[in-house]
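Each remark here refers to the structure printed beneath this line.
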């Protein structure tokens, strides 16, 4: 079982899911006799690749920082009998040398074998995309965490063109967004093109980074919309709150949509509701082109539910989940992740959209650093922007307060990239959390 993470800095442990030879998920501590090997396939920015088998050092219960010196498989207790697994990837893979091409991605398959029989006992995999120019020590782990709990339904690299427009019908003025779908053969198909390619699943989803953050945090939830096909046909209407039942609405909306431009390979059209600070919304309405250069994504509706829940923990949340995890702690931890996603949209989107060649590779490579020092240009590398510093501080605070809870939630939830923990059926932890948040949201709207 593989999932995908984006890596923007070094000295980071990548979360890993392991399965036994029967295909069942592992959650227990590995035996001290177990051994593991990593099959590493490295792809360069130019497209060439090589593969290598590397023995892994298994560390159990080590809570110290990963130094980035060697390949490691770490086993950490999350809660009760549950254990989480992390893969340490050494720094030297990220440094660019004169004789090597810049790295682009890694595909790692972990194979564990029994020391007695030599038989394969467990496996796990992770695809790592190397991204650049963001030097936040915790951001790779945070990006993987955010994608696990609040996956993107429509990632930025699957949006070709987009257009914003105002739409007036009756006495109501709305902001509508048209985002055409651009097939990206180099990336994994997004969730929206598979499990979530059903119009009703967009309701409540969050549009990220639509508005410049200079005016203050502002995010947008999807009230409803439709699909605009290549043949200029409009279908898949959803969202009763936008006026679908009103006479003449669909005809007027269709004319407005067709006037926004071509649909490319097909486009989703969303009616948006502003959240957070209103100034950013007003600035976008006055000048829709001001946000055209910012990459946007559409994230899972659970992000909206968590952000809309009241700050206090509901009475129903005063209990314990399986494994001894307090429900109130779980909700607080997930609220912390959601708050960072909403407050630092622009910086996070830039981190996810950067090219593969890494600026920090220059700093990590001793030969390049020495050459820069000789040339007197060592201090010319640009410092991290203030926005990155604020994001780093927020992520550190989140992990300091809720690190153990988040690790426990990771162990409980599915670790498959692009698949939301909230969409699984039959897990008591998911049901308890989702039910408590639904109750909190219902109370807030009364």
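Miscellaneous remarks
- Filtered by the rule that a residue be over 18 Å from residue 27 (Cβ atoms) and surrounded by fewer than 18 Cβ atoms within 10 Å (Cβ to Cβ), the range 69-87 gives 69, 70.
This table checks each residue for (1) modelled with pLDDT of 85 or more; (2) buried (at least 19 other Cβ atoms within 10 Å of the Cβ); (3) within 19 Å of residue 409 (Cβ to Cβ); (4) within 23 Å of the chain's Cα centre (by Cα).
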residue: 3; (1), (2), (3), (4): no, yes, yes, yes
residue: 7; (1), (2), (3), (4): no, yes, no, yes
residue: 31; (1), (2), (3), (4): no, no, no, no
residue: 37; (1), (2), (3), (4): yes, no, no, no
residue: 62; (1), (2), (3), (4): no, no, no, no
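- Residue within the range 277-294 that is modelled with pLDDT of 85 or more, buried (at least 17 other Cβ atoms within 10 Å of the Cβ) and either touching a helix residue (DSSP H, G or I) at 6+ places or on another chain (Cβ under 7 Å) or under 23 Å from residue 160 (Cβ atoms) (or both) present: no
- Taken over the range 241-261, the residue count meeting the criterion of being assigned to a loop (DSSP other than H, G, I, E, B), in contact with a strand residue (DSSP E or B) (Cβ under 9 Å, 6 or more places away or on another chain) and loosely packed, with under 14 Cβ neighbours inside 10 Å is 3.
- Condition check for residue 88: at positive phi and either assigned by TED's automatic domain parsing to the domain that holds residue 125 or modelled with pLDDT of 85 or more (or both): no
- A single entry from 337, 306, 313 fulfils the requirement of being surrounded by 17 or more Cβ atoms within 10 Å (Cβ to Cβ), at pLDDT below 65 and more than 15 Å from residue 220 (Cβ to Cβ): 313.
- The residue of the range 97-108 that is modelled with the highest pLDDT, among those that are farther than 20 Å from residue 123 by Cβ and surrounded by fewer than 20 Cβ atoms within 10 Å (Cβ to Cβ), is 101.
- Condition check for residue 238: within 32 Å of the chain's Cα centre (by Cα), assigned by TED's automatic domain parsing to the domain that holds residue 178, surrounded by 14 or more Cβ atoms within 10 Å (Cβ to Cβ) and modelled with pLDDT of 90 or more: yes
- Residue check for residue 345: at pLDDT 70 or above, in contact with a strand residue (DSSP E or B) (Cβ under 9 Å, 6 or more places away or on another chain), surrounded by 15 or more Cβ atoms within 10 Å (Cβ to Cβ) and within 21 Å of residue 207 (Cβ to Cβ): yes
The values are calculated or read from the model by the stated rules, or taken from the named source; none is laboratory data. The model shown is predicted, which means the values in this text are computed figures rather than measured ones. All Cβ positions, even for glycine, are placed from backbone atoms using ideal geometry, and neighbour counts span all protein chains on display.
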